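The values are calculated or read from the model by the stated rules, or taken from the named source; none is laboratory data. This structure is a prediction, so every number in the text was calculated from the model and none was measured. Cβ sites come from the backbone with ideal geometry, for glycine too, and all protein chains shown count toward neighbours.
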Ligand code: GDP
Ligand code: IMO
Ligand code: MG
């Protein structure tokens with residue numbers, strides 16, 4: 001049995017897409033467990049630059065089957081657009097994608113509600129991706145959501161949409177906002193999309209468990225990251241789903257006893273998009289170097305990502321919450337030009353030492369990071385594939401992170417492409433994979 005969870009260990013955009021694409025080669029099925037098209041997972045293959053939002057990054061391995069699980073929220077038009085883009089680029093999707101009938105749908109009114117809240121003085125502004133993700137999960141938890149499977153009974157679907165639009169209109173009106181929306185039109189538009197998706201709609205829980213029972217392996221792909229998890233992140237500056245490893249089980253219907261291991265992906269530094277505390281943020285010219293060298297602009301919204309340094313309290317917290325077996329460090333090459341590299345080792349708040357993540361976002365917003373500064377290596381690591389070829393300063397940096405987090409580092413990414421990876425031998429990750437991941 002080999003079913004591995006890949007989880008973002010920071011605030012998202014850690015390079016999960018590249019890593020899932022790399023590991024997917026060894027698995028039979030790749031399954032996405034939460035989030036929606038707020039995610040943007042970039043995979044670079046030669047001249048092709050794919051940004052996957054809903055479809056698991058495993059789709060780029062042409063012989064693999066992929067699943068969008070019940071924990072994902074789906075905008076059917078966005079999904080069809082993504083399928084079409086992939087098909088136009090020679091990636092077959094229709095035969096290989098399975099979508100859960102239990103996945104909740106995102107409707108245009110979710111975006112309207114989100115916009116009203118984000119512009120309201122009565123709420124904290126989260127800086128969302130404006131895709132309607134939060135309100136769709138609110139409806140799911142409020143037991144008034146509409147699921148993909150509901151589109152199979154078209155008359156009932158029309159009634160559900162009618163009720164939902166009326167309810168949202170009333171709610172927005174009560175807050176002085178207006179929602180001009182023709183429920184019948186929305187229902188027909190959605191039914192049109194859902195009819196096209198119908199051949200892909202299945203009971204993915206049954207499908208995945210049958211695959212596992214037949215001895216096949218599943219790679220469980222997370223979106224966002226630990227610090228954006230609705231329970232464990234920097235609430236309320238989070239997304240509305242369970243991005244941590246626990247969410248993989250509920251988001252796919254795969255029991256915890258079927259999980260073989262969990263791997264966390266972290267950049268060699270840190271970034272965050274949107275509002276909320278980010279203790280190791282660097283707004284100086286050096287932070288700008290990270291943004292430029294790392295091309296830190298959102299793949300979905302194009303927003304400039306906030307940049308800062310490796311935050312060890314965050315990574316240690318992430319290792320605990322997710323039970324990480326192994327750590328993958330990406331974008332080491334982005335640090336190549338720096339003379340010095342600070343690492344946040346702990347926090348101080350009001351003169352007191354703090355080395356764990358406080359539960360209150362405002363407290364985390366007030367901490368001062370305590371840095372230990374490492375010498376830079378000032379030579380290219382871009383594209384390196386052997387650990388022994390790394391400059392000794394880079395190895396020192398990585399080994400410090402490993403020792404401080406207390407989790408092995410199994411892969412170091414040195415560029416956006418699959419081949420630009422250092423795969424360390426004899427790791428726990430190697431034992432968790434269905435087949436060896438040999439260094440290219
Ligand atoms: P995800 O959301 O976690 O999949 O990450 P994103 O795709 O949003 O952001 C990661 C970005 O870094 C993408 O543009 C990747 O192509 C790129 N990337 C991934 N690994 C590396 C690496 O090791 N070096 C460099 N220079 N870029 C990388
Ligand atoms: P991937 O999978 C980085 C952030 C948004 C905002 C907060 C809530 O590519 O790592 P939402 O639209 O989800 O309600 O926004 O979460 N956010 C992400 N940041 N990477 C992502 O996905 C993100 N998805 C959401 O910027 O701060
Ligand atoms: Mg991303």
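Going through the stretch 25-51 one residue at a time, which ones are assigned to a strand (DSSP E or B) and farther than 22 Å from residue 94 by Cβ?
Within the stretch 25-51, 35, 42, 44, 49 meet the criteria.
Tell me, please, whether a residue that is part of a helix (DSSP H, G or I), touching a strand residue (DSSP E or B) at 6+ places or on another chain (Cβ under 8 Å) and touching a residue at least 24 places away in the same chain (Cβ under 8 Å) can be found in the stretch 138-147.
Yes: the stretch 138-147 contains one or more residues that are part of a helix (DSSP H, G or I), touching a strand residue (DSSP E or B) at 6+ places or on another chain (Cβ under 8 Å) and touching a residue at least 24 places away in the same chain (Cβ under 8 Å).
Return yes when residue 66 is touching a residue at least 60 places away in the same chain (Cβ under 8 Å), within 16 Å of ligand 2 (Cβ to nearest atom) and not in a loop (DSSP other than H, G, I, E, B) and no when it is not.
Spelling it out, it is not the case that residue 66 is touching a residue at least 60 places away in the same chain (Cβ under 8 Å), within 16 Å of ligand 2 (Cβ to nearest atom) and not in a loop (DSSP other than H, G, I, E, B).
Which residue out of 54, 79 is crowded, with 24+ Cβ neighbours inside 10 Å, outside any strand (DSSP E or B) and either over 16 Å from the mean Cα position of the chain (by Cα) or in the same structural domain as residue 136 (by TED's automatic domain parsing) (or both)?
Residue meeting the stated conditions: 79.
Taking the options 86, 22, name whichever one is more than 16 Å from ligand 2 (Cβ to nearest atom), part of a helix (DSSP H, G or I) and under 17 Å from the mean Cα position of the chain (by Cα).
22
Would you check if residue 3 is surrounded by 24 or more Cβ atoms within 10 Å (Cβ to Cβ) and over 19 Å from residue 324 (Cβ atoms)?
Against the criterion (surrounded by 24 or more Cβ atoms within 10 Å (Cβ to Cβ) and over 19 Å from residue 324 (Cβ atoms)), residue 3 does not qualify.
Out of 131, 96, which single residue is surrounded by fewer than 24 Cβ atoms within 10 Å (Cβ to Cβ) and under 30 Å from residue 361 (Cβ atoms)?
Checking each option against the conditions leaves just 131.
Looking at 266, 242, can you tell me which residue is under 24 Å from residue 30 (Cβ atoms), within 16 Å of ligand 3 (Cβ to nearest atom) and crowded, with 20+ Cβ neighbours inside 10 Å?
Criteria check complete, one pass: 266.
Need pairs with beta-carbon distance below 8 Å; first residue without any contact (Cβ under 8 Å) to a residue 40 or more places away in the chain and over 19 Å from residue 227 (Cβ atoms) and within the stretch 17-40, second within 16 Å of ligand 3 (Cβ to nearest atom) and assigned to a helix (DSSP H, G or I); sequence gap 6+ or separate chains.
none
Being outside any loop (DSSP other than H, G, I, E, B) and free of Cβ contacts under 8 Å to residues at least 24 places away in the same chain: is that true of residue 227 here?
No; evaluated as a whole, the condition is false for this residue.
What is the number of the single condition among (1) modelled with pLDDT of 95 or more; (2) away from ligand 1 (no atom under 16 Å from the Cβ); (3) assigned to a loop (DSSP other than H, G, I, E, B); (4) surrounded by fewer than 15 Cβ atoms within 10 Å (Cβ to Cβ) that residue 396 does not meet?
Exception for residue 396: condition (3).
Looking at the stretch 69-82, is at least one residue within 14 Å of ligand 2 (Cβ to nearest atom), in contact with a helix residue (DSSP H, G or I) (Cβ under 9 Å, 6 or more places away or on another chain), under 30 Å from residue 435 (Cα atoms) and in contact (Cβ under 8 Å) with a residue 24 or more places away in the chain?
Taking every residue of the stretch 69-82 in turn, at least one turns out to be within 14 Å of ligand 2 (Cβ to nearest atom), in contact with a helix residue (DSSP H, G or I) (Cβ under 9 Å, 6 or more places away or on another chain), under 30 Å from residue 435 (Cα atoms) and in contact (Cβ under 8 Å) with a residue 24 or more places away in the chain.
Just one of 171, 184 is assigned to a helix (DSSP H, G or I), more than 21 Å from residue 55 (Cβ to Cβ) and modelled with pLDDT under 95; which is it?
Every option except 171 fails the conditions.
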